[in-house]
1. Tell me the helices (runs of 4 or more DSSP H) entirely within the range 155-243 that contain at least 1 residues that are open to solvent by 40 Å² or more (accessible area, probe 1.4 Å) and without any contact (Cβ under 8 Å) to a residue 40 or more places away in the chain.
2. Condition (residue is more than 18 Å from the chain's Cα centre (by Cα) and more than 22 Å from His185 (Cβ to Cβ)) applied to the range 49-59: is it met by at least one residue?
3. Of everything in the range 425-470 that's among the basic types (Lys, Arg) and open to solvent by 70 Å² or more (accessible area, probe 1.4 Å), which residue is farthest from Ile393 (Cα to Cα)?
4. So Pro360 clears everything in (1) out of contact with any Gly (no Cβ under 9 Å at 6 or more places or on another chain); (2) in a loop (DSSP other than H, G, I, E, B) except one condition, right? Which one?
5. How many of the residues in the range 331-360 are open to solvent by less than 10 Å² (accessible area, probe 1.4 Å) and modelled with pLDDT under 90?
6. Say whether the condition of being open to solvent by less than 10 Å² (accessible area, probe 1.4 Å) and either of a type in the set (Lys, Arg) or more than 24 Å from the chain's Cα centre (by Cα) (or both) is met by at least one residue in the range 93-113.
7. Would you please list the contacts, defined by Cβ atoms under 6 Å and residues six or more apart or on different chains, that run from a residue in the range 58-70 that is over 13 Å from Ile224 (Cβ atoms) and modelled with pLDDT of 90 or more to a residue that is open to solvent by 80 Å² or more (accessible area, probe 1.4 Å) and not in a strand (DSSP E or B)?
8. Please go through the range 65-92 and give me each residue that is more than 29 Å from Pro36 (Cα to Cα), touching a Phe, Trp or Tyr at 6+ places or on another chain (Cβ under 8 Å) and open to solvent by 60 Å² or more (accessible area, probe 1.4 Å), ordered by number.
Amino acid sequence: YSLVTRDLIADSTEAMALAHQFDALVMVPNCDKNVPGLLMAAARINVPTVFVSGGPMLAGHVKGQKRSLSSMFEAVGSYAAGTMTEEDVKEFECKVCPTCGSCSGMYTANSMNCLTEAIGMALRGNGTIPAVYSARLRLAKQTGMKIMELVEKNITARQIITDGAIRNAIKACLAMSGSTNAVMHLTAIAYEAELGIKVLNEFDTLSDTTPQLAKMNPACKYSIVDFYKDGGVPLLMENLQSMLETDVMTVTAHTLAENIRDHKYLYPATGLVNHTLDDPFGYTGGVAVLRGNLAPDTGITKPGAFDKSLHHFKGEAICFDSEEAAEEAILAGKVHDGHVVVIRYEGPKGGPGMREMLNPTSAIAGMGLDKDVALITDGRFSGTNNGCFVGHISPEAAEGGPIAIVHDGDLVEIDVDSKKLELLVPQEEIEARLKQWKRPEPKFKKGWLGLYCKLAASGSEGGVMKFDHL
């Protein structure tokens, strides 16, 4: 219930802050639901607000390699495939997450913590200082001092969360190949701030011109801590500054341009994780928007996290109406080379809450199929995912989107370079199937989950609750 809880966090924070008439707020999130949930609340409440996250964990080390949470899920798939022993799995259990903190790759939590910094709602270092470093405590103390200055100067959240700030965050996300979930969360934050920016369209357009300047797990071996020591978000923004709107206000009470000018780096740049505009990892962004007859509104993928050989994939559909059914089939060996795994009825209304397909994709990788199998869904992906995948397909199956009428054996084509996601079935056949489709009963009809099933907007609209849906 990822988006269900995100919105619940936003709603409860809004109610609490207004009930107690708070003059200002310090938000202390750290994971993939509460970071965007609290940013949505900050935009609604619009008082002086600063964020300070708990920080990322250190990378694990297993068998001579850096590891992170995704390694644990992949280990389960490897065990099921018979390529890993139970003792190996236990070693991963003990070592992949060695400290407290958010997972050590550029997954959703760290993406959103870094983007909070890029938007200007957190002090520099918020996204990358490790949870166990003393610098994280120092950042917290500085945050407490800074909120008093923002109150004195009456710099509120909506003076910082502007169209320009969101556009800067989109470029930062593309440049560091952040989680695909950031597309939806930035859309939701812009909606709550009542901004005019069309986030999905901006991602679509800017992905063609924004180079990928930073690269880390799941796209390579480097962790978020390596990113921190190589300058982190401040250096990324400095390298991107000619493409940014640097006159925007931030919680430092200074503009982004002033922050870039005055920043002091703790470590010498290594050039391993952060590259310059002259030497990018790629000349287009790490997140892409796909459309086609299978995704009329949108589909989101992360080409920065998988090999270019997978940017064009054509295969036979094998369809599942839930995440659990797909995972069971994958672990049972029913998914083979050339399959496009279709997981549907997991969107905002159908899930409800647009579940993350972390288990099926990790099982695919663990079984050694990540170069030979693709996966598409109206649900989402964890930022840990790599391999050829397309999520956020809208309209979702529960709303009668074309993903609902894909049959086993249908040919599906994913073309990242052309930004296409197509069901290779005659249009008249698609229309005939859609006419026969019947809307399923919602999974919940009362309580908070029932309300979300009724009011949730499409993934292309950020999955927010829209009361015009009543």
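1. Values: elements: 157-160, 163-175, 181-192, 199-206, 224-229, 232-240.
Correct list: 163-175, 199-206, 232-240.
2. Yes, there is a match, as at least one residue in the range 49-59 is more than 18 Å from the chain's Cα centre (by Cα) and more than 22 Å from His185 (Cβ to Cβ).
3. Lys446
4. (2)
5. 2
6. No, every residue in the range 93-113 fails to be open to solvent by less than 10 Å² (accessible area, probe 1.4 Å) and either of a type in the set (Lys, Arg) or more than 24 Å from the chain's Cα centre (by Cα) (or both).
7. Going by the 6 Å Cβ cut-off, the qualifying pairs are Val62/Lys95.
8. Going through the range 65-92, the residues more than 29 Å from Pro36 (Cα to Cα) turn out to be 65, 75-92.
Adding the requirement that they be touching a Phe, Trp or Tyr at 6+ places or on another chain (Cβ under 8 Å) leaves 75, 85-86, 88-89.
Across the range 65-92, the qualifying residues are Thr85, Glu86.
The values are calculated or read from the model by the stated rules, or taken from the named source; none is laboratory data. Nothing here was measured: the structure is a model prediction, and the numbers come from that model. No Cβ is skipped: glycine too gets one built from the backbone with ideal geometry, and neighbour counts run over all protein chains shown. Accessible surface areas use protein heavy atoms only, side chains included; no ligands, DNA or RNA. Shrake-Rupley method; radii C 1.70, N 1.55, O 1.52, S 1.80 Å.
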